[in-house]
Amino acid sequence: IQQDFFCAIFISNLQSVIVNDLEEELSIKNRTTKLDYKINTNLSYGFLKNRILDLLFKEASLEEVFKELENLFLQNTIPIRLSRNNKREVGKYRNRIRPLVLKNQKDAI
């Protein structure tokens, strides 16, 4: 369990380092758009997870893999929408009536 935990922390830190390096390029891209955009953390984590073995064990240069990851990260951005106010309905599904399960057999004596 500890090994999986530290592996997840390592991948998360590596993803954060790559995203922080892309902040300048992202700010240049945001100048021409109506909304500000940020890198989709969920997708970038998935891209990195699929390519972590290439980073650690591939004999090719690390620059190629990092450039590929940076391009994928910049292609998958999501808008930052300010003043979003969607009220959460807490007990919406709690009062739902469950369907009646009917048996096709008689009870044994």
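Checking K49 against (1) assigned to a helix (DSSP H, G or I); (2) open to solvent by less than 90 Å² (accessible area, probe 1.4 Å); (3) in contact (Cβ under 8 Å) with a residue 24 or more places away in the chain: exactly one of these is not met. Which one?
Among (1) assigned to a helix (DSSP H, G or I); (2) open to solvent by less than 90 Å² (accessible area, probe 1.4 Å); (3) in contact (Cβ under 8 Å) with a residue 24 or more places away in the chain, the lone unmet condition for K49 is (2).
Look at L62 and say whether it is open to solvent by 70 Å² or more (accessible area, probe 1.4 Å), of a type in the set (A, V, I, L, M, F, W, C) and either under 23 Å from S12 (Cβ atoms) or at pLDDT 85 or above (or both).
Numbers: open to solvent by 70 Å² or more (accessible area, probe 1.4 Å): yes; of a type in the set (A, V, I, L, M, F, W, C): yes; either under 23 Å from S12 (Cβ atoms) or at pLDDT 85 or above (or both): yes.
Judged against the criteria, L62 is a match.
Exactly one of (1) modelled with pLDDT under 80; (2) part of a loop (DSSP other than H, G, I, E, B) is unmet by D54. Its number?
Tallying (1) modelled with pLDDT under 80; (2) part of a loop (DSSP other than H, G, I, E, B), D54 fails exactly one: (2).
Can you tell me which residues in the range 54-90 are of a type in the set (G, A, S) and closer than 22 Å to T41 by Cα?
Step one: list which residues in the range 54-90 are of a type in the set (G, A, S), which gives 60-61, 83.
Result: S83, single match.
Filter the range 27-42 for residues that are over 17 Å from L82 (Cβ atoms) and touching a residue at least 24 places away in the same chain (Cβ under 8 Å) and give the result.
K29, I39, N40, T41 - these are the residues of the range 27-42 that are over 17 Å from L82 (Cβ atoms) and touching a residue at least 24 places away in the same chain (Cβ under 8 Å).
So which of L22, L35 ends up being hydrophobic (A, V, I, L, M, F, W, C), touching a strand residue (DSSP E or B) at 6+ places or on another chain (Cβ under 8 Å), surrounded by fewer than 15 Cβ atoms within 10 Å (Cβ to Cβ) and modelled with pLDDT under 90? Write out each step before concluding.
On the way: L22 fails: surrounded by fewer than 15 Cβ atoms within 10 Å (Cβ to Cβ).
Just a single option satisfies the conditions, and that option is L35.
Only one of S83, S44 is at pLDDT below 90, outside any loop (DSSP other than H, G, I, E, B) and polar (S, T, N, Q); which?
Numbers: S83 fails: outside any loop (DSSP other than H, G, I, E, B).
Just a single option satisfies the conditions, and that option is S44.
Kindly indicate the residue of the range 26-41 that is of a type in the set (D, E, K, R) and not in a helix (DSSP H, G or I) and also farthest from Q15 (Cα to Cα) among those meeting that condition.
K34
Please find, among F10, F73, F5, the residue that is of a type in the set (F, W, Y), assigned to a helix (DSSP H, G or I) and open to solvent by 100 Å² or more (accessible area, probe 1.4 Å). Can you show your working first?
Working: F10 fails: open to solvent by 100 Å² or more (accessible area, probe 1.4 Å); F73 fails: open to solvent by 100 Å² or more (accessible area, probe 1.4 Å).
When all the criteria are applied, what remains is F5.
The values are calculated or read from the model by the stated rules, or taken from the named source; none is laboratory data. The structure displayed is predicted, hence computed values, not measured ones. Reconstructed Cβ throughout: ideal geometry from the backbone, glycine too, with neighbour counts over all protein chains shown. Surface accessibility is based on the protein's heavy atoms, side chains included, excluding ligands, DNA and RNA. Shrake-Rupley method; radii C 1.70, N 1.55, O 1.52, S 1.80 Å.
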